[in-house]
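Colleague: Sharing a structure with you now.
Derivation of every value follows stated rules applied to the coordinates shown; laboratory data play no part. Please read these numbers as outputs of a predicted model, since none were measured by experiment. No Cβ is skipped: glycine too gets one built from the backbone with ideal geometry, and neighbour counts run over all protein chains shown.
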């Protein structure tokens with residue numbers, strides 16, 4: 001293990017901690033996540049299919065931006 005590995009683990013830990021704080025305090029205001037326009041939902045009598053494509057695109061974009069910001073500082 002190198003010091004770079006330690007930095008990555010600390011960064012991930014801080015990110016998970018901050019995500020937990022946001023979810024804990026704002027869980028009632030985040031109910032729009034997963035219900036965005038473009039999320040595919042098919043419900044039939046004995047079948048339910050849900051594919052949150054818009055939510056996944058936004059999460060990917062957010063993760064990319066955060067990882068690029070972290071990469072510049074480390």
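Colleague: Can you sort 64, 54, 2 so the residue with the fewest Cβ neighbours within 10 Å comes first?
Modeller: Starting with the residue having the fewest Cβ neighbours, the order is 2, 64, 54.
Colleague: Helix 53-73 versus the longest principal axis of the chain: what is the Cα-based angle in degrees, 0 to 90, to the nearest 10?
Modeller: Result, in degrees: 10.
Colleague: Just 16, 33, 53 to compare: in a GNM of the chain, with alpha carbon springs under 10 Å, which one fluctuates most?
Modeller: Among 16, 33, 53, the largest GNM mean-square fluctuation belongs to 16.
Colleague: Work out, in µm²/s and without decimals, the Stokes-Einstein translational diffusion coefficient of the chain at 4 °C, 1.567 mPa s, Rh from Kirkwood over C-alpha pairs.
Modeller: Numbers: Rh = 15.1 Å.
Translational D for this selection: 86 µm²/s.
Colleague: Next question, about the same structure. Among 3, 67, which comes first, then next, by fewest other beta-carbon atoms within 10 Å?
Modeller: Ranking 3, 67 by Cβ neighbours within 10 Å, fewest first, gives 3, 67.
Colleague: Here is a further query. To two decimal places, what compactness ratio does the stretch 32-74 give when its Cα radius of gyration is scaled by 2.2 N^0.38 Å?
Modeller: The stretch 32-74 yields a ratio of 1.66.
Colleague: Would you work out the relative contact order for the chain, in percent, from Cα pairs under 8 angstrom that are 6 or more residues apart? Could you put the intermediate results ahead of the total?
Modeller: Details: 34 pairs, mean separation 14.6, N = 74.
Computed value for the chain: 20 percent relative contact order.
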